[in-house]
C-alpha cells in the first residue's frame, strides 16, 4: 500500500534537488549551441518526427502553442514533423507503446507509467529549469474564495476534482500525500472524480461542479498571477481565470518536473540532437520556448531515468492498491 515510507522516498529521493544538479542544469542550458541546420544520417531510421501533446487543454490552444516548435524542428533537421494532440494523458502513453510517436513532454507519473507499460521502452532527456534554477514544481489545491473554505481541514465532506489518473500533480502525488497525512480519501471527501485535465479541473471549480481541484504550478513567482509557470498562470494569461476569485488551501512537497521523453529504440544521434535543440531553445528562440513551457524559466537540464524511480515506485504501489480494492 502507499505508506509514509513511500512519501519519505519522494522527499528523500530524486525529488530533493541538490544544488549541484541545479547548477549543472543551468550551465548546460546556457552553453548549448543550436544544432546546425541540415539533413541527418539518423533520418533514415527516423523518417518523420511525431510529437504527442498531452490532453488537459483546449486542442486548438495546444496546436497553436506548439506550431512554431514543430516548424523549428522540421526546419532544423529537414524531417517532416507532426503534432498529435491526445484527448487525455493515456492517449500519449498508448501512442508510445504502439510506437506511433517519437517524442512528447510528459508529467513524471505519465512517464513512469509509460516506462512500466513498455518495459523501459521510453527514456527522459531533459526537464524544464524554473526561474530559481530548480527543476521542481508543486501540486496545489484550489477553491473558490466565496466558498468560505480556507484550509484542508474544511474540505471534510466536500468534493474534490482530480485532473487525470495519469497526472503527477493532478492525482498521484496529492493522493499519496493526503493518504500519508492519514486522510482516508474515500470517506474524507463527499466525492472525488476526474475532470479530464488540469484546465478542466479548475473550470469545474469555477462552475461549482466541485468544491476544490488539484493542479500544477511552479510554486515560485507571484501567486496572485498564478505563479511564474503552470496551469494557473496559463489560464490567467488566456483570460480564463482571475486568481483574486480563488484561494489555494494546500501545497505539496516539490515534485521533479516532467521530462521530455523519447522512445528508447531511437538512434543515439537523434537523442543527442533533440536534447541539444532543447538546451539551446530558450536563448535561440525565446518565444517558442515560452509558448511550449507555458511561461518563463531558465531552460532545461539533462536527466536520467534513475531520478524518476520514486515516481515509478508510487505507480507500482497505486496499481497494487487498485487491485486490492477491486
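What does DSSP give for the stretch 136-255 in terms of the percent of beta bridges that are antiparallel, rounded to the nearest 5?
Given both bridge residues lie in the stretch 136-255, the antiparallel proportion sits at roughly 70 percent.
Among 285, 278, which comes first, second and so on when ranked by fewest other beta-carbon atoms within 10 Å?
The order, fewest Cβ neighbours first, is 285, 278.
How far is helix 309-325 tilted off the main Cα axis of the chain, in degrees rounded to 10, range 0 to 90?
Value to nearest ten degrees: 50.
Given the peptides 201-211, 256-266, arrange them by the average over their residues of other C-beta atoms within 10 Å, most packed first.
256-266, 201-211
Find, to one decimal place in angstroms, the Kirkwood hydrodynamic radius of the stretch 199-285, where the mean of 1/r is taken over every pair of different Cα atoms and then inverted. Walk me through the numbers on the way to the answer.
Details: mean 1/r = 0.0642 Å⁻¹.
One decimal place: 15.6 Å for the Kirkwood radius.
Could you work out [θ]222 nm for the chain from helices alone, using -39500 (n - 2.57) per DSSP H run of at least four and dividing by all its residues? Round to the nearest 500 deg cm²/dmol.
-12000 deg cm²/dmol
For the stretch 38-112 and the stretch 210-229, write down the distance between their C-alpha centroids in whole Å.
26 Å
For the stretch 169-326, what mean projected area does the convex hull of the alpha carbons give, in nm²?
Details: hull surface 46.5 nm².
Mean projected area for the stretch 169-326: 11.6 nm², to one decimal.
Please say if the stretch 169-250 is rounded, prolate or oblate, where rounded means a/c under 1.5 for a ≥ b ≥ c the square roots of the C-alpha gyration tensor eigenvalues, and otherwise the choice is prolate for a/b larger than b/c and oblate otherwise?
Prolate, since a/c reaches 1.5 and a/b exceeds b/c.
Evaluate the stretch 137-215: find the radius of gyration of its Cα atoms, find its Kirkwood radius, and give the ratio Rg to Rh. It would help to have the intermediate numbers written out before the result.
Values: Rg = 11.3 Å, Rh = 12.2 Å.
Here Rg/Rh amounts to 0.92.
Run through the DSSP bridge list for the chain and note the antiparallel percent, rounded to the nearest 5. Show your work: numbers first, answer last.
Numbers: 26 of 39 bridges.
Taking every DSSP beta bridge with both residues in the chain, the antiparallel ones total about 65 percent.
With a 10 Å Cβ neighbour count serving as the proxy for reagent exposure, in which order, fewest first, do 118, 150 appear?
150, 118
Please order 81, 215 by the number of other Cβ within 10 Å, starting at the fewest.
Result, fewest neighbours first: 81, 215.
If I fit a long axis through the Cα atoms of helix 108-117 and take the longest principal axis of the Cα atoms of the chain, what angle between them do I get, 0 to 90°, rounded to 10?
That helix lies at roughly 70 degrees to the long axis.
Bear in mind these aren't lab numbers, they're just calculated from the coordinates by the rules spelled out. Here the structure is a predicted model, which is why all the values come from computation and not from measurement. With ideal geometry, Cβ positions are generated from the backbone for all residues, glycine too; neighbour counts draw on all protein chains shown.
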